[in-house]
1. Find, among the trypsin sites (Lys or Arg not before Pro) in region 108-210, those assigned to loop by DSSP (not H, G, I, E, B) with at most 13 other beta-carbon atoms within 10 angstrom.
2. Multiplying the sequence separation of residue 29 and residue 336 by 0.36 nm and subtracting their Cα-Cα distance, what value in nm do you get?
3. By what distance, in whole Å, do the Cα atoms of the chain stretch along each of the three principal axes, largest value first?
4. What is the set of long-range amide H partners of residue 100 at a cut-off below 5 Å, with H atoms built 1.01 Å from backbone N?
5. Based on Cβ point charges of +1 for Lys and Arg and -1 for Asp and Glu, what charge dipole magnitude is obtained for region 366-479 about its Cα centre, in debye rounded to the nearest 20?
6. Putting +1 on Lys and Arg Cβ atoms and -1 on Asp and Glu Cβ atoms, find which of 181, 195, 394 reaches farthest to the positive end of the dipole of the chain.
7. Go ahead and collect, in residue order, the members of region 270-284 whose backbone nitrogen is under 16 Å from a label point 7 Å along the Cα-Cβ direction of residue 421.
8. In the structure shown, do any of 175/326; 196/432; 67/458; 28/318; 28/80 have a Cα-Cα gap over 20 Å, and if so which?
Amino acid sequence: MGNEWPVTCLNRHISIKHGFAFKGEYFKDSPTSNCLLTPGNFAIGGGFKGDKYKYYDGPVPSDYVLKSGNLVVTMTDLSKQADTLGYSALIPEQSVKRFLHNQRTGLVQFKDDALDKTFLYFLLRSKEYRHHVVSGATGTTVKHTSPTKILSYEFRIPPKDLQISIGNYLLSIEKKISLNLQINQTLEQMAQTLFKSWFVDFDPVVDNALDTGFFEQDLAFSEELLHRVEMRKIARESGNFKSLPEDIRKLFPSSFEKCEELSLGLGGWVPKGWEVSTVGDELTVKGGSTPSTANPEFWVGGNIHWTSPKDLSGSKEKIMLDTERKITDVGLNKITSGLLPVETVLMSSRAPIGYLALTKIPVAVNQGYIAIPTTKRLSPEYVLYWLNSSMDEIKGIAGGTTFAEISKKTFKSISMVIPNTKVIGIYTVTTKSYLNKMTLNATERSALEKLRDALLPKLISGELSLSDVKTSIAEDASI
């Protein structure tokens, strides 16, 4: 079918407008209402990436304010493989931000109505188009392309109604992927918020202590604790305040006690009855290694998951479902920590410190991790979010000259407050449900991404028709 479509060239139907060179003196780290569109807002494989923004607080030419739904392309890439060069993205709906058309990005402008915008969005993510752009890129450290190069791309153009159908179908998959990710981001925030409330701010303990009059005593409370008490009073007086159910709240202490370490709790005051311990006493800590990559016996044909922190660098959840590389049984024998079980907590210990994951697969690790396969009395879920909340402290005690690194010995020396078993249990049950939902969503999202990536070139080229695709999916669903 696709062979019957006429050949055309992008320059017949669109132009690409260069962005404006906004002045660096007005760039801001803190949020403003203006966000500069940069190559960092383009995902590998195409699409908009909204996890990092560059803000701007200066004069704005009206011709360089982007609108939601605008189709844009990136024309500069800093990576060795030109990971995002030439890819397209659609400006998302925003209620409080506006995106500015910055240099190194291009705005697609239509000359006629022969091309559907959504179809073009996916065409500019196809393998053939990418090869066209990357093969003509200039630069060594920084790769560049140009409107002229992009616009010289030739392709077979389907009828307009078919373009619309293909674009809408692929976009519907992408919207499901986006919604799935948003749900997981919400679940992640809920887990972090609950940990902070219970085990950093100690809200339930402060509530109980306020109700019993504990803070009316003439004790040398720390400023940090007193500040937290005042903030909690304000929260309790707000109209939308909701206290914990009584059966949960009564599991928490109703007073604080002073400990010797001022860095713990709230200025050295910790919930009464909760123990002070160390990582070394509570957690099993292991490292890993890399079998020689020069020996194919360790790698070729391997089916055992082996991870380096690179696996977590682009991860959107604190869960590990797969690894880029696999090793053989012979390779596994070269790693003293062996194969770690499901539910092992991983923390990257260097370059950089702080990537976190709870494994959902048995895995072997390299030397860039601290792995926690078992604990004395804490759950993996608790440990995961304790690490997340303690990351500033962990990074603060790291050593290293060329790059920061925290050793297992230093990590084991960190002090921690251990809540009572019932409180840990309640937190674990709640957070486990979040992580289980996140795991299901991440698995589904991965399947949707693979489906989109497999269908995109075949639909764009006409190798498959939409009727073929929908019939195939219906048959798969009935199995």
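FYI, it's all coordinate maths here, none of it is from the lab. Everything numeric in this text was worked out from a predicted model, so none of it was measured. Glycine gets a Cβ as well: all are built from the backbone with ideal geometry, and neighbour counts include every protein chain shown.
1. 111
2. On the way: separation 307, 0.36 × 307 = 110.52 nm, distance 4.36 nm.
Residue separation times 0.36 nm, minus the Cα-Cα distance, leaves 106.2 nm.
3. Between the extreme Cα coordinates on each principal axis of the chain lie 84, 60, 53 Å.
4. Excluding prolines and chain starts, which carry no amide H, the hits are 35, 36, 37, 66.
5. 700 debye
6. 181
7. Within reach of a label on residue 421: 274-275.
8. Numbers: 175/326 32 Å; 196/432 16 Å; 67/458 30 Å; 28/318 29 Å; 28/80 28 Å.
As for pairs spanning more than 20 Å Cα to Cα, those are 175/326; 67/458; 28/318; 28/80.
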